[in-house]
Amino acid sequence: MSGRAASPLTVMVFLVAVLVIAGVISASIGAARISLSRVVATILSPDRDVASAARDQLILLSIRLPRVAMASVVGALLATAGTVMQGLFRNPLADPGLVGVSAGAGLAAATMIVVGDKALSVALTNSPFPLPIAAFLGALATTSLLYRISTRQGRTSIAMMLLAGLALGALAGAGTGLLVFLADDRQLRDITFWMLGSLAGATWPKIAAIVPFLALSLLSFPLVGRGLDLLALGETEAFHMGIAVQRLKRLLIILVAAAAGAAVSVSGVIGFVGIIVPHLLRLVIGPGHRLLLPASACFGAILLLTADTFARTIVAPAELPIGIVTAVIGAPFFLFLLIKQHALLVS
């Protein structure tokens, strides 16, 4: 063993391979089990006309694969939002679900569900695109407000960030509660879906609606990676090293809002993915964002895909909301980070 760190290419190839394997395994598990070999054969040869093959194709293309794709895209978006947000606030405790950003996106989505039915045409509200746009705007407003409240003279207070996030999340929750009160039965079911978090409604049109937001995140990685690394030294130091700090911060806020808003719009509020993924990866590959960002997107997809497979099989034929699964995993992890942070401050 030479002790050298693995190359970025090796890390990404490994993560992509694990993601593909996890996706194939997830597609094979369900009420109607499909062997791994038949999953691969159905994907590679979808035009077979054998009766059993036609059944496999129907299950995979209509139910399993959309859900696998949805879990992968949403997991990548949530992990990306968490990684960017931690770099922006320069604190490993920042996460869209913990500081009210996801709640703000959820409030905007709930508003579109309730108000959009009356204010917009039926054709528009049945489209998969209004919800991601509304959730993006809600996340953008919440992230911008949170940054303004918690940052003074280029320094972000972790206590202020958490307290402000708690207050913003409470306000968003109150607004969502009011919409629940005003909603009819169908709207109430949709809002409950956002509050618990679920991937049960995965469809190809919904995936198509949020893939552009993931593409925006992936394309931005080369542009913001170096800036995030220098921003960790402080805004003044980053400015003296040639970074347009204010422009970078605006771009980062838009990226967080786009990623978190798109994820919330199709899956509801799923917490803790954005705090678990980047923290674990920093322990393995280091803090450099040029590798951390794409690795987080891939590992986030793996984590949420695994959690969703667990959620829909542990109490089969019923299904746990995936937000419950990620909370059971993430809450103890968050408490561990808080205790560790406190120990560093008092030592």
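The values are calculated or read from the model by the stated rules, or taken from the named source; none is laboratory data. Bear in mind the structure is a predicted one, so any value in this text is a computation, not a measurement. Reconstructed Cβ throughout: ideal geometry from the backbone, glycine too, with neighbour counts over all protein chains shown. Accessible surface is based on the protein model in full, side chains and every heavy atom, while ligands, DNA and RNA are left aside. Shrake-Rupley method; radii C 1.70, N 1.55, O 1.52, S 1.80 Å.
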*State all residues of segment 2-26 that are in contact with a helix residue (DSSP H, G or I) (Cβ under 8 Å, 6 or more places away or on another chain) and modelled with pLDDT of 90 or more; if no residue qualifies, say none.*
M12, L15, V16, V18, L19, A22, G23, V24, I25, S26
_Looking at segment 308-331 only, could you name the residues that are more than 17 Å from M70 (Cα to Cα), assigned to a helix (DSSP H, G or I) and β-branched (V, I, T)?_
I324, V328, I329
*Which pairs have Cβ atoms under 9 Å, sit 6 or more apart or on different chains, and link a residue in segment 318-340 that is touching a residue at least 40 places away in the same chain (Cβ under 8 Å) to one that is in a helix (DSSP H, G or I) and acidic (D, E)?*
I322/D308
_Show me the helices (runs of 4 or more DSSP H) found entirely inside segment 178-296 where at least 1 residues are farther than 20 Å from G75 by Cα and without any contact (Cβ under 8 Å) to a residue 12 or more places away in the chain._
185-196, 235-240, 245-267
*Determine which member of the set L93, L65, L107, L88 is outside any helix (DSSP H, G or I) and farther than 10 Å from P278 by Cβ.*
L93
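Condition check: more than 24 Å from L218 (Cα to Cα) and open to solvent by less than 10 Å² (accessible area, probe 1.4 Å). Does A105 satisfy that?
no
Taking the conditions exactly as written (modelled with pLDDT of 90 or more, farther than 30 Å from A27 by Cβ and out of contact with any Lys or Arg (no Cβ under 6 Å at 6 or more places or on another chain)), does A183 satisfy them or not? Spell out the reasoning first.
Details: modelled with pLDDT of 90 or more: no; farther than 30 Å from A27 by Cβ: yes; out of contact with any Lys or Arg (no Cβ under 6 Å at 6 or more places or on another chain): yes.
Criteria not met by A183.
For the condition surrounded by fewer than 23 Cβ atoms within 10 Å (Cβ to Cβ), among the aliphatic types (A, V, I, L, M) and either at pLDDT 90 or above or within 14 Å of the chain's Cα centre (by Cα) (or both), what is the one hit in L281, L338, L291?
So the residue among L281, L338, L291 that is surrounded by fewer than 23 Cβ atoms within 10 Å (Cβ to Cβ), among the aliphatic types (A, V, I, L, M) and either at pLDDT 90 or above or within 14 Å of the chain's Cα centre (by Cα) (or both) is L291.
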_Tally up the residues in segment 295-330 that are out of contact with any Ser or Thr (no Cβ under 9 Å at 6 or more places or on another chain), closer than 29 Å to V224 by Cα and open to solvent by 30 Å² or more (accessible area, probe 1.4 Å), please._
1
*Take L166 and decide whether it is open to solvent by 20 Å² or more (accessible area, probe 1.4 Å) and at pLDDT below 85.*
no
*Taking L218 as meeting all but one of (1) under 29 Å from L199 (Cβ atoms); (2) open to solvent by less than 20 Å² (accessible area, probe 1.4 Å), write down the number of the exception.*
(2)
*Would a scan of segment 226-237 turn up a residue that is modelled with pLDDT of 90 or more, within 29 Å of G197 (Cα to Cα) and not hydrophobic (A, V, I, L, M, F, W, C)?*
no
